[in-house]
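**Q** Can you read through this structure? Questions will come right after.
The values are calculated or read from the model by the stated rules, or taken from the named source; none is laboratory data. Here the structure is a predicted model, which means the values were calculated and not measured. Here the Cβ positions follow ideal geometry from the backbone for every residue, glycine too, while neighbour counts run over all protein chains shown.
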């Protein structure tokens, strides 16, 4: 490209190009600082302690297994809610709802995505957990299950909006062809539209789950904060503590540079790597299908 | 094939059941949202008064107003905008208008997706490590705003890029053919056309920043401050953190103040959402292409 | 194919070869002399390379994904494919009207002054002058003179295309390239555009890719027939449409294919 650029335009263009790389710079910076503050853990805490089942930092027990299991059980519960409801709602909005209904539903779901998680946590404490305690006759309403319910709600908008986009992107001709062959609307959705959009729907599910793993405030407020290893499905109805909640609850009280401080960063590193894995996989799906689609179309 | 007729009838029954199920699911997704908002309005409205909005907290935050939290959230939102808007829009311009389709660009896109997916509490850790400790900004509005900016960046970049890409390619070709440089084309034609979409994206990004708690927990949020912050190096109270504090950390907190704070927070956040929605739909109606 | 010797052509294309990365349209060793003050028509079936050639003449192909480009295009004796060419100045000198009327999302006046303002013209009187002159040249003045500050998108399709022509004329170019400028227009609008071109050729060099053989025959002073990236025949208009030398040109002109 040979354009005669004035020096002003040259500078602007340069600056824009530099900012273009900022996302990479920040991901690297975040990774670097988590490593810097988190890696000393491996020198300070024996692996056998780190991967034990006791988290009691005051006495030097830094077993992260209960926190991992806490995150896992709450996220699993949330996924069981968010996936069917998210995809169901996406299908309803994209395929079934009349136009005016769609115009109402989409902003409403977006609005749910915009509700601060601390507000949901607040209602979880005041309304949902007392209700569940009475309903299920539990000693406390602050359980993994309560967390899962709210977290499911938080993950739903992510799932809905990405899955809906994917369904919307399926060419109209696919549907028309199926309907012309005598398929019902329902069969068309299940056998044609949904399979055609499957990579987008899969991405939606992954990013929704990613959102749930990383959620902090809600789970800190409603899951009871008991770092106990979940060993049976019954743990769903008892208090747990997630990795995110542990960091949020304890970082404020630790001394910078202490072992506890390093361990909390180490947990942050684990969370970062999980979200990295989820998102790289999700974007690999997107890129792969896109290039395949481009090959077919060209 | 033998069972053609029953099968046909069956198909339609399945369809009707399936549609009912999906409709029910959508209703179960959406109705609680409306319920939550209405409930908070109903419970929180009695708490709202001029004093509540404009006075300092008293009696260990159990009485008085929430002014420092409101002001703090305004400051944080503004601070976030100052850093994330220019950076995010410029990055979006790069991706939409300049970036070649190559490995590096793909890497940038993956990085953006990753930034969007990093847990908010990890942003908090990063802000603590980089801004508070390493750069010695301390627990301050500056540190918290910077942390929130980086978290907001992917939202703004994605929305702005989408808005830029929606501007028809033909405008660019015509502008170039009339002797415009690439930047002149962007500034005079593409940016103005993409502006409503970009602003919508910015507001949605800032909305998220305004409602976040975890990233500011250890970068700038104060449990309680007897006065308003004076400089960017002061810590600040903020609405979401305040709601967290008064609903978990302060015993015998009057419900009314809790609900009132929640109401102010969601009004703040949802009005941003509403403005974004209005800008978007008005721009769509006025669009000439 | 023999290029007729032409004294002092405005544009001289020599051994031009072009391939896109995606393998669509290409040009193979094109030699063509385009005279000033005449309408030169490039015609032939779709995909023959006519549009690509047009886009070479004002370097708009720079925006496309070009794999190979060789040969020379001399405009007033200067090779415009030279990397040192000031392409901004070139594009002001060689204007282009596209197949679909694309008005910029500005007012009518804004569309016309866009190029001039970019070129640094700030004086209101000069701009107003250019607006009136170019609109008159494009036979649009009477229809829009009272609403110059309305959005250009409010104009009809035919008016928009004449505005696009006027927008090019406002820059006072020397060469005007038109890529099927009437393909989306009704016969009346088409007639107005063609009439304007006949008037304009007195002062400009016009290169036109017509949207039909009929339009080619109606407008051409010179005509070049393109087939699959090759220039098959080039001759004055009356000759090529009444007495084509090449069998392929004849078949196309007679409507046997295409």
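**Q** From the list A:171, A:233, A:239, A:157, exactly one residue is away from chain B (no Cβ under 13 Å) and touching a residue at least 40 places away in the same chain (Cβ under 8 Å). Which is it? Give the steps one after another, and end with the answer.
**A** Working: A:171 fails: touching a residue at least 40 places away in the same chain (Cβ under 8 Å); A:233 fails: touching a residue at least 40 places away in the same chain (Cβ under 8 Å); A:157 fails: away from chain B (no Cβ under 13 Å).
None of the others qualify; the one that does is A:239.
**Q** Going by what's in this entry, would residue B:246 be described as away from every other protein chain (no Cβ under 11 Å), modelled with pLDDT of 90 or more and in contact with a helix residue (DSSP H, G or I) (Cβ under 6 Å, 6 or more places away or on another chain)? Spell out the reasoning first.
**A** Working: away from every other protein chain (no Cβ under 11 Å): no; modelled with pLDDT of 90 or more: yes; in contact with a helix residue (DSSP H, G or I) (Cβ under 6 Å, 6 or more places away or on another chain): yes.
So residue B:246 fails the test.
**Q** Among the residues of segment A:177-225, what is the count of those that are under 22 Å from the mean Cα position of the chain (by Cα) and not in a helix (DSSP H, G or I)?
**A** Total satisfying the criteria: 6.
**Q** How about segment A:174-199: which of its residues are surrounded by fewer than 18 Cβ atoms within 10 Å (Cβ to Cβ), within 14 Å of chain B (Cβ to nearest Cβ) and under 30 Å from residue A:111 (Cα atoms)?
**A** Result: A:185, A:190.
**Q** While we're here: Among (1) free of Cβ contacts under 8 Å to residues at least 12 places away in the same chain; (2) at negative phi, where does residue A:163 come up short?
**A** (1)
**Q** Among the residues of segment A:229-236, is there at least one that is at negative phi and buried (at least 24 other Cβ atoms within 10 Å of the Cβ)?
**A** Our first condition is that a residue be at negative phi; within segment A:229-236, this holds for A:229-236.
Those left that are additionally buried (at least 24 other Cβ atoms within 10 Å of the Cβ): none.
For segment A:229-236, residues at negative phi and buried (at least 24 other Cβ atoms within 10 Å of the Cβ): absent.
**Q** Mind checking which residues of segment C:232-257 are in contact with a helix residue (DSSP H, G or I) (Cβ under 9 Å, 6 or more places away or on another chain), closer than 24 Å to residue C:24 by Cβ and surrounded by 15 or more Cβ atoms within 10 Å (Cβ to Cβ)?
**A** Across segment C:232-257, the qualifying residues are C:232, C:233, C:234, C:249, C:252.
**Q** Sticking with this structure for a sec: I'd like to check something: does segment B:152-168 contain any residue that is part of a helix (DSSP H, G or I), within 11 Å of chain C (Cβ to nearest Cβ) and within 21 Å of residue C:95 (Cβ to Cβ)?
**A** Filtering segment B:152-168 down to residues part of a helix (DSSP H, G or I) leaves B:152-165.
Now restrict to residues that are within 11 Å of chain C (Cβ to nearest Cβ): none.
Scanning segment B:152-168 turns up no residue that is part of a helix (DSSP H, G or I), within 11 Å of chain C (Cβ to nearest Cβ) and within 21 Å of residue C:95 (Cβ to Cβ).
**Q** Taking the criterion of being farther than 28 Å from residue B:260 by Cβ and more than 7 Å from every other protein chain (Cβ to nearest Cβ), would at least one residue in segment A:111-133 satisfy it? First the steps, then the outcome.
**A** Taking segment A:111-133 as the starting set, the residues that turn out to be farther than 28 Å from residue B:260 by Cβ are none.
Within segment A:111-133 (the criterion being farther than 28 Å from residue B:260 by Cβ and more than 7 Å from every other protein chain (Cβ to nearest Cβ)), the answer is no, since none of the residues qualifies.
**Q** Residue check, residue B:198 against (1) in a helix (DSSP H, G or I); (2) within 14 Å of chain A (Cβ to nearest Cβ); (3) at pLDDT 90 or above, all met but one. Which one?
**A** (2)
**Q** When both residues are 6+ apart or on different chains and their Cβ atoms are under 9 Å apart, which pairs have a first residue that lies in segment A:200-211 and is facing another protein chain (nearest Cβ under 10 Å), and a second that is buried (at least 24 other Cβ atoms within 10 Å of the Cβ) and not in a helix (DSSP H, G or I)?
**A** Note: pairs meeting the criteria are A:210/B:119; A:211/B:119.
**Q** Being touching a helix residue (DSSP H, G or I) at 6+ places or on another chain (Cβ under 7 Å), within 14 Å of chain B (Cβ to nearest Cβ), in contact (Cβ under 8 Å) with a residue 12 or more places away in the chain and surrounded by fewer than 23 Cβ atoms within 10 Å (Cβ to Cβ), is that true of even one residue in segment C:134-145?
**A** no
**Q** Could you count how many residues in segment B:154-171 are in contact (Cβ under 8 Å) with a residue 12 or more places away in the chain and farther than 29 Å from residue A:26 by Cβ? Reasoning before the result, please.
**A** From segment B:154-171, those in contact (Cβ under 8 Å) with a residue 12 or more places away in the chain are B:154-168, B:171; that's our starting set.
Those left that are additionally farther than 29 Å from residue A:26 by Cβ: B:168, B:171.
Summing the residues that are in contact (Cβ under 8 Å) with a residue 12 or more places away in the chain and farther than 29 Å from residue A:26 by Cβ in segment B:154-171 gives 2.
**Q** I've got another one for you. Please specify each residue of segment B:34-45 satisfying the condition of being within 10 Å of chain A (Cβ to nearest Cβ) and either surrounded by 19 or more Cβ atoms within 10 Å (Cβ to Cβ) or touching a strand residue (DSSP E or B) at 6+ places or on another chain (Cβ under 6 Å) (or both).
**A** Selection gives B:36, B:37, B:40, B:43.
**Q** Can residue A:277 be described as surrounded by 18 or more Cβ atoms within 10 Å (Cβ to Cβ), under 22 Å from the mean Cα position of the chain (by Cα) and either at pLDDT below 95 or in a helix (DSSP H, G or I) (or both)?
**A** On the way: surrounded by 18 or more Cβ atoms within 10 Å (Cβ to Cβ): no; under 22 Å from the mean Cα position of the chain (by Cα): yes; either at pLDDT below 95 or in a helix (DSSP H, G or I) (or both): yes.
No.
**Q** For residue B:230, which of the numbered conditions (1) over 18 Å from the mean Cα position of the chain (by Cα); (2) farther than 13 Å from residue B:69 by Cβ; (3) touching a residue at least 12 places away in the same chain (Cβ under 8 Å) fails to hold?
**A** (3)
**Q** Of the residues in segment A:19-50, how many are in a loop (DSSP other than H, G, I, E, B) and loosely packed, with under 13 Cβ neighbours inside 10 Å? Spell out the reasoning first.
**A** Going through segment A:19-50, the residues in a loop (DSSP other than H, G, I, E, B) turn out to be A:21, A:39, A:45-46.
Adding the requirement that they be loosely packed, with under 13 Cβ neighbours inside 10 Å leaves A:46.
The total comes to 1.
**Q** Residues A:265, A:287: which one is modelled with pLDDT of 90 or more and within 13 Å of chain B (Cβ to nearest Cβ)? Spell out the reasoning first.
**A** Working: A:287 fails: modelled with pLDDT of 90 or more.
Of A:265, A:287, the one residue that is modelled with pLDDT of 90 or more and within 13 Å of chain B (Cβ to nearest Cβ) is A:265.
**Q** Would you mention how many residues in segment B:87-108 are facing chain A (nearest Cβ under 7 Å) and within 21 Å of the chain's Cα centre (by Cα)?
**A** Selection size over segment B:87-108: 4.
**Q** From the list B:48, B:82, pick out the single residue that is more than 8 Å from chain A (Cβ to nearest Cβ), farther than 30 Å from residue A:206 by Cβ and under 19 Å from the mean Cα position of the chain (by Cα). Give the steps one after another, and end with the answer.
**A** On the way: B:48 fails: under 19 Å from the mean Cα position of the chain (by Cα).
Every option except B:82 fails the conditions.
**Q** So which residues in segment B:159-192 are surrounded by 21 or more Cβ atoms within 10 Å (Cβ to Cβ) and farther than 30 Å from residue C:175 by Cα?
**A** Scanning segment B:159-192 gives B:159, B:160, B:161, B:163, B:164.
**Q** Taking the options B:115, B:125, B:76, name whichever one is buried (at least 24 other Cβ atoms within 10 Å of the Cβ), within 15 Å of the chain's Cα centre (by Cα) and more than 28 Å from residue B:166 (Cβ to Cβ). Spell out how you get there, then give the answer.
**A** Working: B:115 fails: more than 28 Å from residue B:166 (Cβ to Cβ); B:125 fails: within 15 Å of the chain's Cα centre (by Cα).
On inspection, the qualifying residue turns out to be B:76.
**Q** Do we have any residue at all in segment A:66-87 that's in a helix (DSSP H, G or I), crowded, with 22+ Cβ neighbours inside 10 Å and within 9 Å of chain B (Cβ to nearest Cβ)?
**A** yes
**Q** Determine whether residue B:107 is at pLDDT below 95 and farther than 26 Å from residue A:71 by Cβ. Lay out the reasoning, then the answer.
**A** On the way: at pLDDT below 95: yes; farther than 26 Å from residue A:71 by Cβ: yes.
For residue B:107, the condition - at pLDDT below 95 and farther than 26 Å from residue A:71 by Cβ - is met.
**Q** Could you check segment C:42-118 for helices (runs of 4 or more DSSP H) lying wholly inside it with 1 or more residues that are away from chain B (no Cβ under 11 Å) and surrounded by fewer than 23 Cβ atoms within 10 Å (Cβ to Cβ)?
**A** Numbers: elements: C:50-57, C:87-93, C:108-118.
The helices (runs of 4 or more DSSP H) meeting that bar are C:50-57, C:108-118.
**Q** If you go through segment C:166-206 one residue at a time, how many are more than 24 Å from residue C:33 (Cα to Cα), touching a strand residue (DSSP E or B) at 6+ places or on another chain (Cβ under 9 Å) and either more than 12 Å from chain B (Cβ to nearest Cβ) or modelled with pLDDT under 90 (or both)?
**A** Of the residues in segment C:166-206, 1 are more than 24 Å from residue C:33 (Cα to Cα), touching a strand residue (DSSP E or B) at 6+ places or on another chain (Cβ under 9 Å) and either more than 12 Å from chain B (Cβ to nearest Cβ) or modelled with pLDDT under 90 (or both).
**Q** For segment C:214-231, what are the residues that are surrounded by fewer than 19 Cβ atoms within 10 Å (Cβ to Cβ), over 17 Å from residue C:175 (Cβ atoms) and in contact with a strand residue (DSSP E or B) (Cβ under 7 Å, 6 or more places away or on another chain)? Lay out the reasoning, then the answer.
**A** Kept after step one, since they are surrounded by fewer than 19 Cβ atoms within 10 Å (Cβ to Cβ), are these residues of segment C:214-231: C:214, C:217-218, C:221, C:228, C:230.
Okay, now just the ones that are also over 17 Å from residue C:175 (Cβ atoms), so C:214, C:217-218, C:228, C:230.
Once the filter is applied, which keeps residues that are surrounded by fewer than 19 Cβ atoms within 10 Å (Cβ to Cβ), over 17 Å from residue C:175 (Cβ atoms) and in contact with a strand residue (DSSP E or B) (Cβ under 7 Å, 6 or more places away or on another chain), segment C:214-231 yields only C:230.
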